[in-house]
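These notes concern the structure reproduced below.
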Amino acid sequence: MSAPAPVAAMPGGLLDGQELALQARGLSLDYGSRRALDAVDLAVPCRRVTALIGPSGCGKSSLLRCFNRLNDEIADCRIVGDVRVFGADAYAAELSLPELRRRVGMVFQKPNPFPQSVSENVAFGLRLAGLRARLELEDRVEAALRAAGLWEEVRDRLGESALRLSAGQQQRLVIARALAVEPQVLLMDEPASMLDPISTLRFEELVVALRERYSVLLVTHNMQQAARVADYTAYMQAGRLLEFDTTDRIFTNPRLRGTEDYITGKLARDEE
Ligand SMILES: Nc1ncnc2c1ncn2[C@@H]1O[C@H](COP(=O)(O)OP(=O)(O)OP(=O)(O)O)[C@@H](O)[C@H]1O
């Protein structure tokens with residue numbers, strides 16, 4: 001694994017005074033004998049959108065999964081380093097994993113609604129948390145669907161199977177499901193890569209709106225999307241986080257040649 005030395009991966013003055021939602025320090029991750037993350041430093045500010053970009057296989061999903069410990073499910077995955085969620089050690093022995101995953105929600109590339117009704121999908125986490133009162137459930141479902149920009153489209157279809165919604169609607173439904181349990185952070189792993197252009201636009205508008213209340217870490221291969229929605233952008237290559245800056249700076253005046261080559265398409269990258 002060879003890559004240039006990181007610059008501003010853990011920004012000095014850049015995030016001064018900002019509360020951090022997520023933080024990784026010296027984070028390395030191995031799958032068996034394969035190193036996927038190498039001494040990664042990253043700070044994700046509160047109530048902002050941070051994009052994570054970089055060539056296929058550079059470790060973006062692996063890094064994302066450290067923050068809600070989804071990598072715990074992978075048998076030969078080993079992690080070293082410090083991972084913090086709002087300042088608390090995400091790997092502390094006393095930490096409640098269900099509570100961590102409630103606070104740090106995740107949206108995947110492929111919309112994954114459950115084969116249940118629209119409203120049952122959104123109510124799922126609330127029921128799991130013990131909420132039984134029908135009126136409160138209905139209110140919370142409506143609020144989450146409104147926050148995800150889906151209410152007007154599904155208010156008459158709440159009892160219908162979620163699998164009958166369009167892909168774009170399903171992705172917003174999954175976001176509503178994540179929002180219903182009132183998370184603080186949303187991890188999004190290429191969430192729009194399977195959507196048509198209009199659904200993608202709606203999705204991007206939603207992400208910008210979500211920034212008012214949530215901290216978002218968004219993996220994307222779509223450079224225009226990163227430029228449109230992200231306040232900050234982090235560039236990864238070969239398991240290392242090499243550059244972090246405002247999105248404006250990354251796209252107009254990156255410090256590293258590798259970052260520039262990637263965003264201008266000189267370095268091979270997966271297109272949507
Ligand atoms: N469960 C796993 N077991 C073994 N190796 C894995 C596993 N998941 C990922 N890897 C490897 O770890 C490295 C980083 O993969 P990761 O999926 O994090 O990259 P990525 O940047 O998200 O890629 P992409 O943009 O293609 O989704 C790759 O070499 C990949 O093959």
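May I ask you to evaluate 6.51 cos²θ - 1.76 cosθ + 1.60, the Karplus curve with θ = phi - 60°, for each residue of segment 152-157 and list the ³J(HN,Hα) values in order in whole Hz, giving x for glycine and proline?
Going residue by residue, I get 4, 7, 10, 4, 9, 10 Hz, with x marking Gly and Pro.
Roughly how many Å² is the accessible area per residue of segment 199-261, as a whole number, for a 1.4 Å probe? Walk me through the numbers on the way to the answer.
On the way: 2390 Å² over 63 residues.
Normalised by residue count, the accessible surface of segment 199-261 is 38 Å².
Students often check this: by mean Cβ neighbours within 10 Å, which of 29-42, 85-98, 236-249 ranks highest, and how do the rest follow?
On the way: 29-42: 17.8, 85-98: 12.3, 236-249: 21.8.
My ranking of the peptides, most packed first, is 236-249, 29-42, 85-98.
At a threshold of 8 angstrom on Cα-Cα distance, excluding pairs fewer than six apart, so keeping six or more, what relative contact order does the chain reach in percent?
Answer for the chain is 29 percent.
If one takes the longest principal axis of the Cα atoms in the chain, at what angle in degrees, from 0 to 90 and to the nearest 10, does the Cα axis of helix 118-128 lie?
Taking the Cα atoms of the chain, the angle to 118-128 is about 80 degrees.
Any chance you could check the Cα centroid distance between segment 28-55 and segment 120-177 for me, in angstrom?
31
What distance in nm lies between label points placed 7 Å from Cα along the C-beta direction at Cys46 and Arg257?
The two pseudo-label positions are separated by 4.1 nm.
For a quick protection proxy, order the peptides 253-266, 71-84 by their average other-Cβ count within 10 Å, most packed first. Write out the running numbers ahead of the final one.
Details: 253-266: 16.6, 71-84: 14.3.
Put in order of decreasing packing, that is 253-266, 71-84.
What accessible area per residue comes out for segment 109-164, rounded to a whole number of Å², with a 1.4 Å probe?
Working: 3320 Å² over 56 residues.
Value for segment 109-164: 59 Å² per residue.
Would you work out what percent of the accessible area of the chain, with all protein chains in place, is carbon or sulfur (probe 1.4 Å)? Let's see the in-between values first.
Values: 5910 of 12290 Å².
It is 48 percent, rounded to a whole number.
Can you work out the Karplus-derived ³J(HN,Hα) for every residue in segment 160-172? Use 6.51 cos²θ - 1.76 cosθ + 1.60 with θ = phi - 60°, whole Hz, and x for glycine or proline.
Computed from phi, the couplings for segment 160-172 are 7, 5, 4, 6, 8, 6, 5, 4, x, 5, 4, 5, 5 Hz.
The values are calculated or read from the model by the stated rules, or taken from the named source; none is laboratory data. None of the values given here were measured: they were computed from a predicted structure. Glycine gets a Cβ as well: all are built from the backbone with ideal geometry, and neighbour counts include every protein chain shown. When the accessible area is computed, the model is the full protein with side chains, heavy atoms only, and any ligands, DNA or RNA have been set aside. Shrake-Rupley method; radii C 1.70, N 1.55, O 1.52, S 1.80 Å.
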